[in-house]
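> So that we are looking at the same thing, I have put the structure below in structure tokens.
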Amino acid sequence: MTSNRKTWIPFILGSLGWSLFLACQPPPAVKSVEAPSRVENPRAESDLTTITLTPQAVERLGIETAEVVLRSLGRAHSYAGELMTAPGRSVIVTAPLGGTLAALDGGEAPRSGDRLRKGQPVFGLVPLTPPDQDFVRLEAESLARAEAARLQSERAEQLLLEGAGSVRQAEQARAELKVAEANLQASRRQLDLLRSPKSSGGSGALAIEAPFEGRLGEVFASPGHTVAASAPLFEVSAEDPLWIRVPVYVGELASLDLSSSAEVHRLGVREDPLGRAQPIVGPPSANPEAATADVFYEIENDDGALRPGRKVGVSVPVLESGGVGETSPVVALTAVLYDIDGGTWVYQVKAPQVFQRRRVEVSHTVDDWAVLSRGPAVGSVVVVTGAAELFGTEFEAGH
């Protein structure tokens with residue numbers, strides 16, 4: 001037993017010494033790995049875009065500011081609508097008499113697409129007067145027939161009072177008198193048309209006028225053509241106001257506020273408004289294949305800038321849940337800038353004449369307001385006029 005201990009003691013002491021030797025050795029050097037990129041002088045985004053102007057520069061750039069405010073602005077869905085002439089506001093003017101068309105005053109007749117004033121002459125009409133249509137003779141004959149019918153009616157009424165005539169004879173005489181008087185009035189109207197002072201420089205041509213203000217549509221005849229009575233001559237369509245037909249997906253109808261006015265703008269560009277349209281009741285129409293139903297609006301067009309058949313954008317307001325609009329931070333639409341990558345920014349006023357460009361996220365726009373989902377806090381002051389000039393100053397545009 002004693003001999004075994006003596007054998008193990010040197011082995012244990014040697015192992016402990018070797019362990020102590022290894023523990024005292026310095027650690028092996030670790031090979032450094034070069035980083036794939038290096039950022040020098042890193043700075044926060046808010047520290048990169050601060051502009052300080054002199055009071056004279058602020059005045060020269062026309063800088064105007066306003067606060068970020070909380071407002072309740074309803075959402076709107078945009079659709080493509082089609083301008084159209086209101087039903088019943090397009091008529092075809094016909095020839096009152098047979099005759100030959102002429103250009104008034106020797107000039108050119110209006111062309112299709114021209115705007116017409118109410119009462120503006122479009123054509124001159126030189127009536128045809130064949131022997132069987134001598135209107136002076138026809139008026140005299142109608143007058144004689146009317147006078148004979150009047151005397152006959154008076155005699156029939158007198159005989160009925162004396163008991164020598166019948167009720168049937170009296171009624172027949174009254175009916176013949178009414179027919180004779182109607183023929184006399186028609187003859188006089190035709191003669192009045194021939195004697196009308198509305199002519200081309202005294203040429204005797206009857207002026208065919210536009211019945212109301214509108215645009216000249218299809219023209220069915222031209223000067224020099226001979227037309228019969230009641231022949232179509234031209235079409236006139238009123239353009240103030242115009243209707244807008246808006247196809248809406250039927251699944252969205254229940255979510256839209258169809259009783260409120262809608263904003264009309266250039267198709268695809270809400271920043272280019274054309275006016276506001278009022279809802280109206282139109283003829284029921286739909287497209288089952290596209291699953292759309294048509295809603296109608298009416299828009300004023302007193303300057304004639306809008307044309308039937310043109311496509312426009314229509315922003316229809318969306319009903320708010322519970323009937324109460326949700327408040328959100330908003331800024332004037334003119335305060336928002338877009339960079340080359342589509343990023344949106346505003347310039348926040350940090351101190352007098354000190355402006356800092358801040359990134360914002362625009363949720364949607366309503367009229368002249370931009371609703372922010374991220375940006376400066378409510379109450380912050382931002383530039384609403386002159387932001388583009390500050391952007392050019394920051395990046396030295398033109399230098």
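> Is there a quick way to get the dipole size of the range 58-117? I mean about its Cα centre, with the Cβ of Lys and Arg at +1 and of Asp and Glu at -1; what is the value in debye to the nearest 20?
For the range 58-117, the charge dipole is close to 240 debye.
> What does the accessible area per residue of the range 249-399 come to in Å², with a 1.4 Å probe and no ligands, DNA or RNA counted?
Using a 1.4 Å probe on heavy atoms only, each residue of the range 249-399 averages 54 Å².
> Then there is this: Long-range amide H contacts for Val122: which residues qualify at under 5 Å (H placed 1.01 Å from N, peptide plane, sequence gap of 5 or more or a different chain)?
Hits under the 5 Å cutoff: Ile208, Glu209, Ala210.
> 5 Å is the cut-off here: which amide hydrogens, built 1.01 Å from N in the peptide plane, fall below it relative to Val384, excluding neighbours closer than 5 in sequence?
Amide H neighbours of Val384: Glu64, Thr65, Ala66.
> Within the range 283-309, what residues put their amide N at less than 17 Å from the label point 7 Å along the Cα-to-Cβ vector of Ser255?
Residues 291-293 qualify, since their backbone N sits under 17 Å from the label point.
> Once both labels are modelled 7 Å past Cα along the beta-carbon direction, what's the Arg310-Glu67 spacing in nm?
4.0 nm
> What residues have an amide H closer than 5 Å to that of Glu213, excluding those fewer than 5 places away on the same chain, when H is modeled at 1.01 Å from N in the peptide plane?
Residues meeting the criterion, in which the H sits 1.01 Å from N, are Lys118.
> Rounded to whole Hz and in sequence order, give me ³J(HN,Hα) for the range 213-219 from the Karplus expression 6.51 cos²θ - 1.76 cosθ + 1.60, θ = phi - 60°, writing x for Gly and Pro.
6, x, 10, 6, x, 6, 10
> Is any residue of the range 235-263 close enough, with backbone N under 12 Å, to a label point placed 7 angstrom from the Cα of Arg276 along the Cα-Cβ axis, and if so, which?
260-263
> If you don't mind, another one. May I ask you to rank Leu337, Leu128 by accessible area, largest first, using a 1.4 Å probe over the protein chains only?
Solvent-accessible surface, decreasing: Leu128, Leu337.
> Still on this structure: Multiplying the sequence separation of Asp114 and Phe220 by 0.36 nm and subtracting their Cα-Cα distance, what value in nm do you get? It would help to have the intermediate numbers written out before the result.
Details: separation 106, 0.36 × 106 = 38.16 nm, distance 1.50 nm.
Fully extending the segment from Asp114 to Phe220 adds 36.7 nm.
> Classify the range 288-376 from the C-alpha gyration tensor, please: rounded if a/c falls under 1.5, else prolate or oblate depending on whether a/b exceeds b/c.
prolate
> Quick one: pull the percent of accessible area on the range 341-392 belonging to carbon and sulfur, 1.4 Å probe, ligands and nucleic acids left out.
Of all accessible area on the range 341-392, carbon and sulfur atoms account for 48 percent.
> For the range 244-399, build the convex hull from the C-alpha positions and give me its volume per residue in Å³.
Numbers: hull volume 27.9 nm³, N = 156.
Enclosed volume per residue, from the Cα hull, is 179 Å³.
The values are calculated or read from the model by the stated rules, or taken from the named source; none is laboratory data. Just so it is clear, the model here is predicted, and its values are computed rather than measured. Cβ coordinates were reconstructed from backbone atoms using ideal geometry, including for glycine residues, and neighbour counts include every protein chain displayed. Side chains included, ligands, DNA and RNA excluded: accessible areas come from the protein's heavy atoms. Shrake-Rupley method; radii C 1.70, N 1.55, O 1.52, S 1.80 Å.
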